[in-house]
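FYI, it's all coordinate maths here, none of it is from the lab. The structure presented is a predicted model; accordingly, all values stated were derived computationally and were not measured. Don't worry about glycine lacking a Cβ; one is built from the backbone with ideal geometry, like all the others, and counts go over all protein chains shown.
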Amino acid sequence: MTRRLPATLLVLTAAVLLAAPAAAQSRREMQMMADIRMLQEQTQQMQQQLQAALDAISAQLKAISTRVDDQAGATRKSFADQKLAVDQFGSDLRIVRERIDESNVRITSLSQEVEALRLAIPEMSAAPAVPVDPNASPSDVQAALTPAPPVTMSPGMSPQRLFSTALADFTAGQWTLCIDGFNTYLKSFARTDNADDAQWYIGDCYYSDGKFTEAIDAYNRVVTSYPKGDRVPDAYYKMGLALAATKQPDRAREAYETLIKLFPDSDLSRLARQRLDSMARAKPPAD
């Protein structure tokens, strides 16, 4: 019995020693499982919180998008209303300008009519006192006291009608009638807007009739009498043509160069440059 006891103790000790690591291993595994479960629960909570946050953000983004769309719609409507108002204002302004232009034309026409009527009224001059000779016969006294008949004038035409009549003569090639009509117009209405046109047409009548010297003089009057008129470029160009027709190339060149200098961007300036180029090519070389 004494010999078997140590062996039994050895076996029991070995069993205890072998069981101790196994129990410790089991406790570690249990602790790890508990930690894993805790982590899973925390992960689920975090996922739920994240999903709730994403849902809240999505709802806020949707609300913001709705507000942006509403604001964009309101802005587009506002722009459309403003554009409509601006277009309407522009249309009204155009109508007002057209009416103002019509009124200005009517005022100008009425002013010219009044001027024509004023010029058509006969000038009544008072008869001067005539001394009577006491020794004169009764017939001589009666003749001396009888006033002279007033000087009468033919009824005047309106400026527009007078201009249109002269222009019709120009179109029909009635050069003499055209010149007379525009000269009559200038005598009565030299300060109207059509005065420079009338003077230019006089030059064109002479030019068309082959009277280039008279045409040059008429074109020159356009330049000198109406320097701010819109017929000045035409006058310089036609003056150059008339001077060239009368064998005055130097003066013609001067007229073209003046036109180019004063009105460099006009169509007539381009024609004047072509004329100058043609004159340069036609000029014989110097010896």
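With just the Cα atoms defining each centre, how far is segment 175-234 from segment 56-75? Give it in Å.
For segment 175-234 versus segment 56-75, the Cα centre distance is 74 Å.
Can you tally the net charge around Q49? Count Lys and Arg as +1, Asp and Glu as -1, for every other residue whose Cβ sits under 15 Å from the Cβ of Q49.
Residues close to Q49 contribute a combined charge of -2.
Calculate the spin-label point distance for T176 paired with S225, positioning each point 7 Å from the Cα along the beta-carbon direction, and give it in nanometres.
Going from the S225 label point to the T176 one covers 2.2 nm.
Which value does Rg/Rh take for segment 240-284 over its C-alpha atoms, Rh per Kirkwood?
Using only Cα positions, Rg/Rh for segment 240-284 is 0.96.
Give me the one-decimal nm value for the distance between modelled label points at T66 and M279, 7 Å along each residue's Cα-to-Cβ direction.
The two pseudo-label positions are separated by 8.3 nm.
Under the Kirkwood approximation applied to all pairs of distinct alpha-carbon atoms, what is the hydrodynamic radius of segment 158-207 in Å?
10.2 Å is the Kirkwood radius here.
Short version: ³J(HN,Hα) in whole Hz for each residue of segment 269-277, in order, from phi by Karplus 6.51 cos²θ - 1.76 cosθ + 1.60 (θ = phi - 60°), x for Gly and Pro, what are they?
Karplus-based 3J(HN,Hα) across segment 269-277 equals 5, 5, 5, 5, 5, 5, 5, 5, 5 Hz.
According to the Cα gyration tensor, what semi-axes, each the square root of 5 times an eigenvalue, does the equivalent ellipsoid of segment 157-282 have, listed from largest to smallest in whole Å?
Working: eigenvalues 146, 49, 23 Å².
Over the Cα atoms of segment 157-282, the ellipsoid semi-axes are 27, 16, 11 Å.
How far apart, in nanometres, would the label points at A52 and S91 be if each is projected 7 angstrom from Cα along the Cα-to-Cβ direction?
In this crude label model, A52 to S91 measures out at 6.0 nm.
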